[in-house]
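Trainee: This is the structure I want to talk about, given as structure tokens.
The values are calculated or read from the model by the stated rules, or taken from the named source; none is laboratory data. Since this is a predicted model, take the numbers as computed values, not measurements. Positions of Cβ are backbone-derived with ideal geometry, glycine not excepted, and every protein chain shown enters the neighbour counts. These accessible areas exclude ligands, DNA and RNA; they are computed on the full protein's heavy atoms, side chains included. Shrake-Rupley method; radii C 1.70, N 1.55, O 1.52, S 1.80 Å.
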Amino acid sequence: MKHSELTFQAIVEATPNAIILVNKEGKIAYANHQTEKLFGFNRIELISQKVEILIPQRHHEHHPDFRTQFFKSPETRAMGSGRELFAMRKDKSEFPVEIGLNPLVTLEGTMVLVSIIDITTRKKAEERFRLVVESAPNAMILANKDGEITLINAQTEKLFGYQRNELIGSKLEILIPKKFSGNHPHLRESFFHSPSVRSMGAGRDLFAVRKDGTQFPVEIGLNPIETDQGTVVLASVIDITARKRHEAMSALELKNKELEQFNYIASHDLQEPLRTVSNYVQILEEDFSGQLNQEAKNYLNTISRATLRMSMLVRTLLEFSRLGQNKKMVSLDCNTIVKNVVTDLNSLIKETKTTILIEDLPTLYAYETELMQLFLNLINNAIKFRKKDQLSEIRIGCRNNSNGHFEFYVADNGIGIEPKYFARIFQIFQRLNTSQEEEGYGIGLANCKKIVEMHGGKIWVESELGKGSTFKFTIETV
Ligand code: ADP
């Protein structure tokens, strides 16, 4: 053998990959030591055999065509781009491979030098990685430097409403609201410039967008991963809608508590000077009436009405802050409670020609006065906010929902409430129809909320403007 041939052979023998030389007819002309090790054949068994001896049976049919194609325009390239390739050992067991093809001009014509790499370990690692990603409780998204999504898990499909094949190959920006997506490529570039494990958007509120266009707040963690194809990023996305809502609720509850405490102190302290003012007004009206002209009497009248209104306000406030204090729960038949309330409101009901339909109601453990006040406020509101051009009808009922709660409703056909006010009306001193002549301080529903919460329940409203409102509340069935 010539020196150059010897050198070539030495190199081929020393490489860690299996290397074989195949001629135009598909016969193996040479195989290195690594090929013997990888396939379990002795070199002698391979030389002059068709290369198909190393290929699983199911690929035999098409392989000669591929070979003819290669020899038509021989160039160095990877085999089977995009397809998964498998090789077969002497014992017929298969394993995944990566194959490189290199044309080689020899004295016996053009041949192909084939290098074969066993990628079993890599495939296993990839599979393990895929499984870990798949089973993660968060949405996990793998993307490359160009922002193309290469892998997602089932949680991502669930959270964003896309099918897997709709996302793979798409740009990450598809999941980001338009308002923010413009700047995202720039942010991505700076991430890949100095990749590190970190959470995204420090200090900013992050939002994601679903396929149907709805947006939701998210928390995003970024993990750079080194791969053969360069650095990629694994993003884990958590929907924090519930957490945000909870935070907002807690803040509101705290505010309500502080307000209640203030109410108690303020209303208590206000009562005394108010009483003094009332007393002196009374003295003026009774003892000095003769010395006062009409104008002064009118002023006194105004003062007297204002004090009366103020003392009512103060009393309501006091009642609100005293709700449920030093009371005991008793077994109560709600039918009786509601009947008593309706009797109390009898003249108003008659005057407004309101119809009240009451379904059979349960017996439960509750605070009696509070429960009465709850129904009183809701029925009173239903009448107060009726449509003036239509007879009002109120329906009251209850169903035993399976999770340990009774769910009551008080439904009216009144003026209704815009959805944006659904939460606000349950806060103290919040009124919507201030232009209307109805009396009120915006305390009724705050009271209702407090009463319902004392009973381990929740209160909310379902309503459409102009169509009527249904107030619903739950009470624990203990
Ligand atoms: P008030 O009745 O003293 O104004 P509430 O706390 O009872 O205070 O109610 C707050 C606001 O909610 C009311 O001012 C009204 O705008 C709205 N509201 C309550 N109940 C109804 C109802 N049944 N239909 C329409 N609007 C209602």
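Trainee: Go through 443, 417 for me and flag whichever is farther than 24 Å from residue 337 by Cβ and within 8 Å of the ligand (Cβ to nearest atom).
Mentor: Answer to the selection: 417.
Trainee: Restricting attention to region 357-384, and to residues there that are open to solvent by less than 10 Å² (accessible area, probe 1.4 Å) and in a helix (DSSP H, G or I), which single residue is farthest from residue 408 (Cα to Cα)?
Mentor: That would be 383.
Trainee: Moving on. Can we say residue 178 is open to solvent by 60 Å² or more (accessible area, probe 1.4 Å), more than 19 Å from the chain's Cα centre (by Cα) and of a type in the set (D, E, K, R)?
Mentor: When the stated conditions are applied, residue 178 does not pass them.
Trainee: Oh, and also: Restricting attention to region 443-456, which residues are surrounded by fewer than 19 Cβ atoms within 10 Å (Cβ to Cβ) and not in a helix (DSSP H, G or I)?
Mentor: Kept after step one, since they are surrounded by fewer than 19 Cβ atoms within 10 Å (Cβ to Cβ), are these residues of region 443-456: 453-454, 456.
Passing the criteria: only 456.
Trainee: Tell me which strands (runs of 3 or more DSSP E) are completely within region 192-244 and hold 1 or more residues being on the phi > 0 side of the Ramachandran plot and more than 19 Å from the chain's Cα centre (by Cα), or say none if there are none.
Mentor: Those strands (runs of 3 or more DSSP E) span 230-239.
Trainee: So how many residues does region 121-143 have that are out of contact with any Pro (no Cβ under 6 Å at 6 or more places or on another chain) and under 23 Å from residue 38 (Cβ atoms)?
Mentor: 7
Trainee: OK, next. Given the condition open to solvent by less than 90 Å² (accessible area, probe 1.4 Å) and of a type in the set (Ser, Thr, Tyr), answer yes or no: does some residue in region 121-134 qualify?
Mentor: no
Trainee: Filter region 394-441 down to the residues that are under 14 Å from residue 469 (Cβ atoms) and at pLDDT below 75 and list them by number.
Mentor: If the condition is that a residue be under 14 Å from residue 469 (Cβ atoms) and at pLDDT below 75, then 433 is the only one that fits.
Trainee: Out of 55, 152, I need the residue that is open to solvent by less than 50 Å² (accessible area, probe 1.4 Å) and under 25 Å from residue 170 (Cβ atoms). Which one?
Mentor: On inspection, the qualifying residue turns out to be 152.
Trainee: On to the next question. Checking the condition within 16 Å of the ligand (Cβ to nearest atom) and open to solvent by 80 Å² or more (accessible area, probe 1.4 Å), which residue from 350, 388 passes?
Mentor: 388
Trainee: Please list, ordered by residue number, the helices (runs of 4 or more DSSP H) wholly in region 1-81 having 3 or more residues that are touching a strand residue (DSSP E or B) at 6+ places or on another chain (Cβ under 6 Å). Let's see the steps before the verdict.
Mentor: On the way: elements: 3-14, 33-39, 43-46, 63-72.
Of the helices (runs of 4 or more DSSP H) lying wholly inside region 1-81, those with at least 3 residues that are touching a strand residue (DSSP E or B) at 6+ places or on another chain (Cβ under 6 Å) span 33-39.
Trainee: Kindly list the number of the only condition in (1) assigned to a strand (DSSP E or B); (2) surrounded by 16 or more Cβ atoms within 10 Å (Cβ to Cβ) that fails for residue 86.
Mentor: Looking at each condition in turn, residue 86 falls short on (2).
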